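For reference, the structure is listed below as structure tokens.
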Amino acid sequence: MRHAAMATLINPYVFLLSLRNYTMTYHNVTPLEEPYCNRSPYSEQRRPASIPLDGQLNQRVQNTYFEEFKLDVALLKEALSPSAGPPDTTLAEQVFGGQARQQKIGLGHLANVLYERAVLHKKHLRDIDHRLTQCLDRLSVLKMHFPLDGGRPQQQLEKLIIELERQRHEEEIAFWKDSADIRQQLFENATTYGAARRRKDMLYDVEAEHV
């Protein structure tokens, strides 16, 4: 009678549901040693293509890995183009024009690098936050069905959460360091570019006085 009463009180589907959730949680845990590029839902495996430094830069960059860097490709093409001006070019332009032009191109390149690093930072944080949310959701389900001890799956999830939080902190620091270096170069190059422009304007004013 005792066993019969217990059989009527315990619904076997409850155990099946708990076992199913436990199994799903266990098998969905991503190993810590799995490479970042494999576990990221946003990463794409693309092999860089070599680009020759010739007049066909813009044509070769189409539909390649370097399409994302087409702004820099345009700057590189401009930097490699002949800087000779028309015959009536002023002396100021001949002396300081090319220097100022190259420095302005360099400023554009640094601005592109800073933008690309910011985009990478945003994608990296988005991926980490996505995985953190998944792990926290799985951990809450696991604790719901196994409040006392979730066993090895719970330990793996907790380790993975700590690892992802560490990666997020390191990415924040790395982005600050990288962007600080680039911003410093931008200000230094802007000062040099401004000095070249002032020398060019001064020489142009001297020329204008003697015309």
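The set of residues from the stretch 115-131 being surrounded by fewer than 17 Cβ atoms within 10 Å (Cβ to Cβ) and either in contact (Cβ under 8 Å) with a residue 40 or more places away in the chain or more than 17 Å from residue 182 (Cβ to Cβ) (or both) comprises 116, 117, 118, 123, 125, 126, 129, 130.
Out of 142, 110, report the one residue that is more than 17 Å from the chain's Cα centre (by Cα), buried (at least 17 other Cβ atoms within 10 Å of the Cβ), modelled with pLDDT under 95 and among the aliphatic types (A, V, I, L, M). When all the criteria are applied, what remains is 142.
Residues that are under 30 Å from residue 97 (Cα atoms) and either in contact (Cβ under 8 Å) with a residue 24 or more places away in the chain or surrounded by 12 or more Cβ atoms within 10 Å (Cβ to Cβ) (or both): does the stretch 153-163 have at least one?
Keep residues of the stretch 153-163 that are under 30 Å from residue 97 (Cα atoms), which gives none.
Within the stretch 153-163, not a single residue is under 30 Å from residue 97 (Cα atoms) and either in contact (Cβ under 8 Å) with a residue 24 or more places away in the chain or surrounded by 12 or more Cβ atoms within 10 Å (Cβ to Cβ) (or both).
For the stretch 145-171, a residue qualifies if it is outside any helix (DSSP H, G or I) and either of a type in the set (Phe, Trp, Tyr) or at pLDDT 95 or above (or both), and exactly one does: 146.
Selection of the stretch 178-196 for residues being of a type outside the set (S, T, N, Q) and exposed (fewer than 15 other Cβ atoms within 10 Å of the Cβ) yields 180, 181, 183, 187, 188, 194, 195.
The values are calculated or read from the model by the stated rules, or taken from the named source; none is laboratory data. Fair warning: this is a prediction, and the values are worked out from it, not measured in the lab. In this analysis, Cβ positions are derived from the backbone assuming ideal geometry, glycine residues included, and neighbour counts consider all displayed protein chains.
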